[in-house]
There are 2 protein chains.
Amino acid sequence: MEGKIAKLAIIGQGLIGSSITRAVYERRLVTTVTVTDVSDKVRKRVRELGLGHARVVDTAREAVRDADLVIACVPVGQIADVIKDIAPYLKEGAIVSDVGSVKASVVADIRPNLPEGAHLVPAHPLAGTEFSGPDAGMPRLFVKRWCILTPEEHCDADAVAKVKTFWEGLGSTVEVMSPERHDYVLAFTSHLPHMVAFSIFQTALRYEEMTEAEVIKFSAGGFRDFTRIASSNPTMWRDIFLKNREPVLSVLKMFVGDLEHLAEAIENDDGDELLKMFSSSRITRRKVIEKEHISVQQDEDDKRPDVPLLRPYASDDW
Amino acid sequence: MEGKIAKLAIIGQGLIGSSITRAVYERRLVTTVTVTDVSDKVRKRVRELGLGHARVVDTAREAVRDADLVIACVPVGQIADVIKDIAPYLKEGAIVSDVGSVKASVVADIRPNLPEGAHLVPAHPLAGTEFSGPDAGMPRLFVKRWCILTPEEHCDADAVAKVKTFWEGLGSTVEVMSPERHDYVLAFTSHLPHMVAFSIFQTALRYEEMTEAEVIKFSAGGFRDFTRIASSNPTMWRDIFLKNREPVLSVLKMFVGDLEHLAEAIENDDGDELLKMFSSSRITRRKVIEKEHISVQQDEDDKRPDVPLLRPYASDDW
């Protein structure tokens, strides 16, 4: 069918890969799905689950045979090796994609190993849960979530359109931007918050003024807001930080500068400066909350839980 | 009645003050309640609302007459002036308390102005909402929340016991510690997270790599977790940071050090160190989440909303 993918191959059946496998079946998006995973255990489990009636094969090379679209759902650090492995087995004109959280360095890693006839359309679905593995997948994981595509400028427009249609079929809203822009945007909206959350636990461990019991007891004062994102997979985040080094370091440096500016104002007893800082950002903050409120409403329609922000709560403002 | 407060005076009818007014009525905790507020508008509104059948008077001096317990529910920066004003009008043996988020400096400010017969039992209920004013008060605001008392060592044990019984009557769990300990514990669990949340919005405004629209659009990647605490009252937080200067600066310095350590590991491509950092804190993190889970369960029993942490969500781990 024009603009649609007939034969899909998914390499990797963790949370994201197995969610795609489930979703394409539930939504009847493709004609055939062939999946694989580097782990024997995972392949066995996918067969047991009978996920989306997908054909489970033992190697990536076998999975990609005749595929119109190949999606590598593997950690960012492994994508280049996967592509190198499958490159000779790709069909002429196949579209190659991924789901990684970092784009520029991954594109640079993949590009040299891609056969000339293949089209590279990297994707990053902004969705996930704190769980992993094939059992954690959910067919509606991508519904009403962003998916960012980062094709290179010279990329075949038809291939981009097909991947866009595919993700829209999974329920996502698709945004197209350059890999570099993606990495700088995500460095702020996602990578910085994770660095902050991971670091604050380091500080907790070093802070001799209070016991661990006290950290836990009184965590509702604001600290617990960091635990959600700090529960994320350490290995995955190590790879993200290392693969997105420059944007991540640049935004981290700015943030440290802003914290130091705040410290200076406190040290100088400069109440006016503090008030100016806290008030100047209120408009953006309100917009984020309003946006969030809209998204929560959507989720509620959608019967999926989320974190409501515009509600009375009773644990803050100590 | 032995161990109980008969005559209560509340100075300030904002969120906390008006919540106490509502709660003591609902729970029949005291014989009489006399309240006031420095603002004509607030006093008028409290009269209109008929809050807890409280007697509303025009001045703090009038409110404290004959009171067994006086609670100053005013911003941390104004407590000392309120105490100075009411001191000559306090009954012999009256207990004076507050609800401020900082203790050591406030105790130091109040102490010199307190008449000899009065007992100072500072309190800090760890409860609040993002709303303020007498309309925002809720009679169940303190239920299943901590209330920290910070009496001085020489303080009358009977006075401390009475204030403890009072807060337990409001539904809180009471913890007693020194003002200094309170300030260091809260500097980490509450003040640091607020500094981080306020600062990250500063960084957002300065970050030229992305538009405000993009910040808002993609905020679910972790950034939006900071919006809840960054929505807090700027004036209140200015006062807290300035009044708790030393603990706040010391914990902020540690945190900046930890961020710099993280940046160094990323810069040096030191994946092992990153993994070590992210993993070392997992036990504490899990305990906070478990604790949180328990507290969420309690809240659900209690029909009060909260932020569930142990649930599948679909916006993280990008």
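Here is how the numbers come out for the structure above:
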quantity	calculated
Efficiency of FRET between A:E180 and B:E92 - r from beta-carbon atoms, R0 56 angstrom, step 0.05	0.15
Copies compared at B:E264 - label distances in nm, ascending, label defined 7 Å from Cα in the Cβ direction	2.3
For chain B, the Rg and Dmax computed from alpha carbons only, in angstrom	21.8, 68
Residues A:T165, A:T211, A:T227, B:T284, sorted so that the one with the fewest Cβ neighbours within 10 Å comes first	A:T211, A:T165, B:T284, A:T227
Pairs from A:K84/B:K217; A:K4/A:K91; B:K144/B:K253 whose Cα-Cα separation, in the structure shown, is over 26 Å	A:K84/B:K217; B:K144/B:K253
Ratio Rg/Rh [Cα only; Rh per Kirkwood] for region A:181-269	1.02
Spatially proximal aspartates and glutamates relative to A:K7 (Cα-Cα < 18 Å; intrachain offsets below 8 disregarded)	A:E26, A:D37, A:D58, A:E62, A:D66, A:D68, A:E92, A:D98, A:D158, A:E168
FRET E, pair A:T173, B:T31, Förster distance 60 Å, beta-carbon r, rounded to 0.05	0.50
DSSP-loop GluC sites (Glu not before Pro) across region A:1-58, with at most 10 other Cβ within 10 angstrom	A:E2
Longest segment of chain A lacking trypsin sites (Lys or Arg not before Pro) that sit in a DSSP loop with at most 11 other Cβ atoms within 10 Å	A:29-302
Within a Gaussian network of chain A (alpha carbon springs, distance under 10 Å), most fluctuating of A:G14, A:G271, A:G52	A:G271
Label geometry 7 Å along the beta-carbon vector: B:G117 inter-copy distances in nm	10.0
Average beta-carbon neighbours from other chains, 10 Å sphere, peptide B:205-214	6
Relative exposure of A:C147, B:C155, judged by other C-beta atoms within 10 Å (fewest first)	B:C155, A:C147
Tilt relative to chain A, helix A:282-301 - C-alpha long axis, 0 to 90 degrees, to 10	50 degrees
Within 10 Å of each Cβ in A:126-136, the average number of Cβ atoms from other chains	4
Degrees between helix A:192-206 axis and first principal axis of chain A (Cα, 0 to 90, nearest 10)	50 degrees
Chain A: angle of helix A:157-169 to the longest principal axis, Cα-based, in degrees nearest 10	70 degrees
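No value in this document is a laboratory result; all are computed from the given coordinates. Note that this is a predicted model, so its numbers are computed, not measured. Please note: Cβ atoms are built from the backbone with ideal geometry, for glycine as well, and neighbour counts cover all protein chains shown.
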